[in-house]
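Asks: Could you have a look at this structure, given as C-alpha cells, before my questions?
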C-alpha cells in the first residue's frame with residue numbers, strides 16, 4: 001500500500017515535468033503562425049503594389065491610338081513625353097512639329113501671333129536668336145531636341161491640348177550654314193516647314209532700315225520696338241523716312257532674292273508650304289490653308305500687331321525720286337508699284 005502511494009506521488013511529479021517544454025512548443029508555434037501571417041500579409045501588399053506599378057507602366061507603354069490620318073502623313077504625327085511636366089489628358093493628342101522659315105522684316109512676327117491665337121498651336125519664337133544656341137551644329141540639335149520633346153515653356157504654352165508645336169527660324173541664325181544636318185534632323189523628326197517670305201523686297205529693305213534706326217534711337221520713350229500694338233506707336237515709328245543708298249540698293253535686293261531661292265532649294269526635300277506676306281494680307285483663304293497644312297481645326301485667327309509702314313512707298317523713302325529713277329527700266333521696277341498691299 002505504501003509502495004503504491006509512493007509510486008502515485010512519483011507519477012504525479014513525473015506528469016508535471018513536460019509542462020514547460022509543452023508551453024515552449026506552444027509559444028513557438030504561435031510565434032511561427034504570427035510570423036507566417038505577417039509574412040503572407042506583407043507579401044500580398046507587395047504583390048499588389050508591384051502589380052499596380054506594372055499596370056501603370058504598361059499603361060504608359062501602351063501607344064496612343066492614332067486617329068485616321070493619310071498614310072503619307074503618319075510620320076509627321078507624334079506623341080511627345082516631356083520630362084519637365086506631364087501632358088496628362090493631352091498625352092494621346094497627336095502633335096505635328098513645324099518650323100517657320102523667314103527673314104527679318106518679312107511679317108513673320110505678325111504671322112506667328114496669328115498662329116498663336118489658335119488654341120491648339122504653339123509657336124515659340126526665334127529661339128536661335130540667342131547666339132549660344134546656334135554656336136555649332138551640336139548646340140543647334142541639342143536645342144531642337146529640347147524643343148520637340150516639348151520641354152520648352154514660353155508664353156506660347158496653351159491651356160488646351162497642343163496639336164502643332166514649333167518655332168520661327170531666320171535665315172541668318174545658323175540655318176543656312178548647317179542646312180544639310182538640319183534637313184536630316186528635321187526629316188527624322190517628321191517636322192514640316194512653312195516658308196514665309198516677302199515678294200516686295202524693296203518694302204522689306206525700307207522696313208529693315210527703319211527698324212535699325214529705331215534700334216539706335218529708341219523713339220518710343222527710350223524703348224526699341226520691332227512690333228507695335230497701337231496706331232499711335234506705328235505713326236511715331238513711321239515718321240522716319242530712310243534715305244536709300246543707291247550704290248548698294250540693287251545688290252541688296254538681288255542678295256535677298258538669291259537668299260530666298262537658295263533656301264527653298266536646300267530645304268525642298270522636306271514637307272513644306274511657301275507663303276508670301278502679301279498673299280496672307282490679301283487672300284482670306286491663306287490662313288485656312290496653313291491650318292489645314294498643320295493638321296489643326298480651322299479657326300478665325302487674330303493678331304494685335306499694327307502695321308507700321310502702311311503708307312505708299314513714295315511717302316516712306318526720303319530720296320524717292322532718285323530711287324525710282326534708278327529702278328525704272330530694271331527687273332526691280334515692279335517693286336515701285338505696291339498695289340499688292342491694298343487689302
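Asks: Kindly put 213, 85, 332, 148 in sequence by how many other C-beta atoms sit within 10 Å of each C-beta, fewest to most. Provide the component values of the computation, followed by the final result.
Replies: On the way: 213 15, 85 10, 332 18, 148 21.
In increasing order of surrounding Cβ atoms, one gets 85, 213, 332, 148.
Asks: Taking the Kirkwood radius as the inverse of the mean 1/r across Cα pairs, report the Rg/Rh of region 218-343.
Replies: Values: Rg = 17.9 Å, Rh = 17.7 Å.
Result for region 218-343 is an Rg/Rh of 1.01.
Asks: Quote to one decimal, in nm, the extra length available between residue 32 and residue 307 on full extension: 0.36 nm per residue of separation minus the C-alpha distance between them.
Replies: On the way: separation 275, 0.36 × 275 = 99.00 nm, distance 8.56 nm.
That works out to 90.4 nm of additional length.
Asks: For 154, 201, which order do you get if you count the other beta carbons within 10 Å of each Cβ and list the fewest first? Write down the numbers at each step before the final one.
Replies: Values: 154 13, 201 23.
The order, fewest Cβ neighbours first, is 154, 201.
Asks: Now, a different point. Express in nm, to one decimal, how much length is gained between residue 248 and residue 188 on full extension, taking 0.36 nm for each residue of separation and deducting their alpha carbon distance. Write out the running numbers ahead of the final one.
Replies: Working: separation 60, 0.36 × 60 = 21.60 nm, distance 4.08 nm.
Result: 17.5 nm gained on full extension.
Asks: Report, please, the projected area of region 272-343 averaged over directions, based on the convex hull of its C-alpha atoms, in nm². Walk me through the intermediate numbers first.
Replies: Working: hull surface 26.3 nm².
Answer in nm², one decimal: 6.6.
Asks: Here is a follow-up. So, R0 is 25 Å and r is the distance between the beta-carbons of residue 141 and residue 279; what FRET efficiency does that work out to, to 0.05? Mind dumping the intermediate values first?
Replies: Details: r = 32 Å, r/R0 = 1.30.
Calculated transfer efficiency: 0.15.
Asks: Please state the Cα pair-distance histogram of region 164-262 with 5 angstrom bins from zero: what percent is in each bin?
Replies: 2, 10, 16, 17, 16, 15, 12, 7, 4, 0
Asks: Using the Cα atoms of region 71-341 to build a convex hull, what is its mean projected area in square nanometres? Walk me through the numbers on the way to the answer.
Replies: Numbers: hull surface 62.0 nm².
If I average the Cα hull's projected area over directions, I get 15.5 nm².
Asks: Restricting to region 71-341, what percent of DSSP beta bridges are antiparallel, rounded to 5? Let's see the in-between values first.
Replies: Numbers: 3 of 23 bridges.
About 15 percent, rounded to the nearest 5.
Asks: Only counting other Cβ atoms within 10 Å, I'd like 229, 118, 71, 272 sorted with the fewest neighbours first.
Replies: Working: 229 13, 118 25, 71 6, 272 17.
Least to most surrounded, the residues fall as 71, 229, 272, 118.
Asks: Related question: Would you compute, for the Cα atoms of region 68-133, the largest minus smallest coordinate along each principal axis and list the three values in descending order, in whole Å?
Replies: Here the spans come out as 38, 31, 23 Å, largest first.
Computed from the coordinates by the stated procedures, all read-outs in this text should not be read as laboratory data. It should be emphasised that the depicted structure is a prediction, and the values quoted were computed from it without experimental measurement. All Cβ positions, even for glycine, are placed from backbone atoms using ideal geometry, and neighbour counts span all protein chains on display.
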